[in-house]
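Remarks on the structure that follows.
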Amino acid sequence: MLQHIFRWLQANYFFKVFAVLATFSVIYLSLKPPGQQMTYWTFLNFRQDLVFHFTCYFFLTGIYFAAFFKNTSVFKKAFFLSFSVGFILEFIQLISIFNRTFDFNDLLANLAGSCLGILLIRLFFSYSVKY
């Protein structure tokens, strides 16, 4: 099965297009004005937006890994790109026209999602990438 996954990851163009679309989706969702949401929930005492941030950057790291799979130092590139997108978007939210606010906890959730994504990818794909 790992050979099938390895061959599938060789489809470089598909994953790069998917990474661009995922990045634009994250940008849109991060900068759109918040809606009037009535129900708030928590997961293991974490606010819902922190769970969303964690999950989003976990998967974004995986998408970037697939997009840069053929490159050298793919782990560093995937982690740096996913975390820098989250870092830049959090600081762009300081601009008042977006009606969003900077939250340090969101930044930590982005970092945690990116780190866990890299750790799991490294666990499963460390044999097949170029350092």
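The values are calculated or read from the model by the stated rules, or taken from the named source; none is laboratory data. All values reported here derive from a predicted model rather than from experimental measurement. Backbone-built Cβ (ideal geometry, glycine too); neighbour counts: all protein chains shown. Quick note on the areas: whole protein, heavy atoms, side chains included, nothing else; ligands and nucleic acids left out. Shrake-Rupley method; radii C 1.70, N 1.55, O 1.52, S 1.80 Å.
Brief remarks follow.
- Accessible carbon and sulfur surface of the stretch 57-131 relative to its total accessible area, %, 1.4 Å: 74
- For the stretch 42-101, the solvent-accessible area works out to 57 Å² per residue, with a probe of 1.4 Å and every protein chain left in place.
- One chain, two ends: Lys32 and Val17. Fully extended at 0.36 nm per residue, the span grows by 3.1 nm beyond their Cα-Cα distance.
- Residues in the stretch 16-30 that a label on Ile97 would reach, taking backbone N under 16 Å of a point 7 Å out along Cα→Cβ: 28
- Put a dot 7 Å past the Cα of Ile88, heading toward its Cβ, do the same for Ser25, and the two dots end up 1.9 nm apart.
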